[in-house]
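Inspection log for the structure reproduced underneath, given as structure tokens.
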Amino acid sequence: MYARSCSRIDKNRPNNNDHETDLNYTLEMCRWLLKPIGMWPLVKKRACKLEKATSIVILFACFTCLLFVILPSGYSAFIVEKSVQNKVKLLGPVGFCVSSAIKYCYLITKSTVFGRCIEHVQRDWQMVEQPCHRDIMLKHASFSRQLIAICAIFLYTGGMSYHTVMQFLSKERNKQNFTVRLLAYPCFDTLLDTQSSPTYEIVFSVHCVAAIILYTVTTAAYSLAATFVTHICGQIQIQMARLENLVADSRGKSSFQDRLTVIVRSHGEVLRFSNNVEEALREICLTEIVESTLNMCMLEYYCLKEWENSDAIAILTYFTLLISFTFKVLIFCYIGEVLSEQCSQMAPASYNVEWYNLPPKEAYNLVLVSAISLYPPKLTAGNIIELSLNTFAAVVKTSVVYLNLLRTVTTW
């Protein structure tokens with residue numbers, strides 16, 4: 001299809017003198033989220049021994065905090081509590097903690113694949129040749145930062161309100177003429193007197209730290225997905241720009257075969273990068289879809305129950321959490337939709353080239369580019385569910401179905 005004797009691009013010589021600044025701009029928010037949970041040295045290309053040792057300590061501390069929440073909460077939800085209402089009220093927070101811990105484990109086990117993806121992003125920034133191509137990549141990097149910021153605002157606002165504001169202002173705080181010092185999660189009351197000081201303050205602080213870890217893990221997983229997918233979209237836009245100028249630049253120094261070689265090779269790199277991203281995110285996306293479906297169902301149920309209790313603070317808190325979880329799964333499905341749509345645009349772009357002005361042998365070379373684009377890469381949840389806007393609609397419908405089932409069960 002193209003001359004294999006063409007000289008390859010020297011990947012060791014950066015064409016973009018500002019590649020370090022651009023790369024830092026692209027990965028800055030990912031680094032902010034991955035460092036506090038000890039993940040950044042695991043995905044970093046070159047991490048010193050001190051950074052790796054610090055990462056291990058942070059990972060141990062984070063999992064200790066999570067187990068401090070998960071173990072007593074699970075024990076209370078499945079063994080101690082006998083009331084169905086209380087069990088259901090605990091299942092939502094416990095389920096979110098467990099799913100976040102699972103995502104945390106997946107992030108650790110997939111750190112090598114994430115590292116390869118980051119290296120690919122770095123190479124792409126190094127090899128940017130034209131200012132217009134750099135502008136396209138910066139535009140998509142800015143878009144990913146906006147998505148990450150919105151997701152983080154929703155999650156931290158709703159999540160930390162549940163762990164702080166709701167515990168102090170909810171109506172459940174006053175029972176039988178004395179004030180109960182509420183906690184977001186149950187604790188081993190036989191071992192600790194959580195109503196006395198300073199035990200209550202210590203347990204409350206640990207719960208808040210665990211909450212920050214949970215929401216940081218969730219936002220970090222989302223930030224990696226948004227960054228990589230928007231980067232792929234930027235690369236596809238660059239290939240489409242090259243296709244538009246493929247025939248128009250026929251009078252330039254490089255031949256048609258050389259220009260087409262660059263397009264085909266770059267398109268192949270994008271497809272390989274897409275496969276790496278899908279491999280790194282498939283389990284996390286599956287966990288996210290299942291978790292969001294169940295949590296949306298639980299939060300809808302909690303909103304209805306608190307409406308019956310006329311607890312405005314609890315209603316506002318749960319509704320904010322419901323919006324944050326709905327928005328989070330929406331953005332996951334949206335970036336999956338954008339990935340498939342953008343990659344499929346290569347076929348129309350190759351058709352819109354003025355191929356009728358080319359010699360027949362050269363025009364035939366565009367057929368393979370168009371054919372490959374008919375099967376665009378997709379972001380899937382465990383190779384089971386394709387992430388798209390239709391998937392988001394299915395998640396919302398399923399959560400409502402589970403809500404009706406839950407209301408039926410709890411009224412028995």
Only residues in the range 99-128 that are within 21 Å of Val290 (Cβ to Cβ) count as the first member; pair them with residues that are not in a helix (DSSP H, G or I), Cβ under 9 angstrom, at least 6 apart or cross-chain, and list the lot.
Tyr104/Ile37; Tyr104/Met39; Leu107/Ile37; Leu107/Met39; Ile108/Gly38; Ile108/Met39
Say whether the condition of being within 23 Å of Leu42 (Cβ to Cβ) and either within 19 Å of the chain's Cα centre (by Cα) or crowded, with 24+ Cβ neighbours inside 10 Å (or both) is met by at least one residue in the range 231-248.
yes
Could you list all residues from the range 137-157 that are in contact with a Cys (Cβ under 9 Å, 6 or more places away or on another chain) and either of a type in the set (D, E, K, R) or open to solvent by 20 Å² or more (accessible area, probe 1.4 Å) (or both)?
His140, Phe143
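Ala347: open to solvent by 20 Å² or more (accessible area, probe 1.4 Å), free of Cβ contacts under 8 Å to residues at least 40 places away in the same chain and of a type outside the set (D, E, K, R), yes or no?
Working: open to solvent by 20 Å² or more (accessible area, probe 1.4 Å): no; free of Cβ contacts under 8 Å to residues at least 40 places away in the same chain: yes; of a type outside the set (D, E, K, R): yes.
No; evaluated as a whole, the condition is false for this residue.
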When (1) more than 25 Å from Phe228 (Cα to Cα); (2) surrounded by fewer than 18 Cβ atoms within 10 Å (Cβ to Cβ) are applied to Pro93, the one that fails is (2)
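Of Tyr375, Tyr334, which residue is of a type in the set (Phe, Trp, Tyr), open to solvent by 70 Å² or more (accessible area, probe 1.4 Å), under 27 Å from Gly268 (Cβ atoms) and in a helix (DSSP H, G or I)?
The conditions single out Tyr334.
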Kindly indicate whether Val409 is of a type in the set (Val, Ile, Thr) and over 17 Å from Val264 (Cβ atoms).
yes
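Being open to solvent by 40 Å² or more (accessible area, probe 1.4 Å) and not in a helix (DSSP H, G or I) is the filter here; which residues of the range 305-314 pass it?
Ser310, the sole residue that qualifies.
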Looking at the range 127-141, is at least one residue of a type in the set (Gly, Ala, Ser), within 30 Å of Leu243 (Cβ to Cβ), part of a helix (DSSP H, G or I) and at pLDDT 90 or above?
yes
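Are any of the residues in the range 379-398 basic (Lys, Arg), open to solvent by 60 Å² or more (accessible area, probe 1.4 Å) and within 28 Å of Met240 (Cα to Cα)?
No, the range 379-398 contains no residue that is basic (Lys, Arg), open to solvent by 60 Å² or more (accessible area, probe 1.4 Å) and within 28 Å of Met240 (Cα to Cα).
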Can Thr317 be described as polar (S, T, N, Q), out of contact with any Pro (no Cβ under 6 Å at 6 or more places or on another chain), crowded, with 20+ Cβ neighbours inside 10 Å and more than 20 Å from Cys97 (Cα to Cα)?
no
Expected output for the range 319-342 (first residue farther than 17 Å from Ser161 by Cα, partner acidic (Asp, Glu) and open to solvent by less than 20 Å² (accessible area, probe 1.4 Å), Cβ below 8 Å, 6+ apart or cross-chain) is Lys328/Glu288; Val329/Glu288; Phe332/Glu288
Single residue of the range 350-371 satisfying the filter (touching a helix residue (DSSP H, G or I) at 6+ places or on another chain (Cβ under 7 Å) and assigned to a helix (DSSP H, G or I)) that is surrounded by the most Cβ atoms within 10 Å (Cβ to Cβ):
Ser350
Would you check if there is a residue in the range 343-363 being in contact with an Asp or Glu (Cβ under 8 Å, 6 or more places away or on another chain) and under 22 Å from Phe143 (Cα atoms)?
no
Filter result for Tyr402 (aromatic (Phe, Trp, Tyr) and in a loop (DSSP other than H, G, I, E, B))
no
For the range 268-278, does any single residue satisfy the condition of being open to solvent by less than 50 Å² (accessible area, probe 1.4 Å) and outside any helix (DSSP H, G or I)?
no
Here the residues within the range 96-128 that are open to solvent by 20 Å² or more (accessible area, probe 1.4 Å) and within 20 Å of Tyr185 (Cα to Cα) are Val98, Ile102
Check whether at least one residue in the range 204-212 is aliphatic (A, V, I, L, M), buried (at least 23 other Cβ atoms within 10 Å of the Cβ) and under 24 Å from Ile335 (Cα atoms), and report yes or no.
no
I need the helices (runs of 4 or more DSSP H) fully contained in the range 10-95, keeping only those with at least 1 residues that are out of contact with any strand residue (DSSP E or B) (no Cβ under 6 Å at 6 or more places or on another chain) and among the polar types (S, T, N, Q).
19-34, 49-75
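The values are calculated or read from the model by the stated rules, or taken from the named source; none is laboratory data. The shown structure was predicted, so the numbers you read here are calculated from the model rather than taken from an experiment. Note that each Cβ is placed from the backbone with ideal geometry, even for glycine, and that neighbours are counted across all protein chains shown. The accessibility values were calculated without ligands, DNA or RNA, using every heavy atom of the protein model including side chains. Shrake-Rupley method; radii C 1.70, N 1.55, O 1.52, S 1.80 Å.
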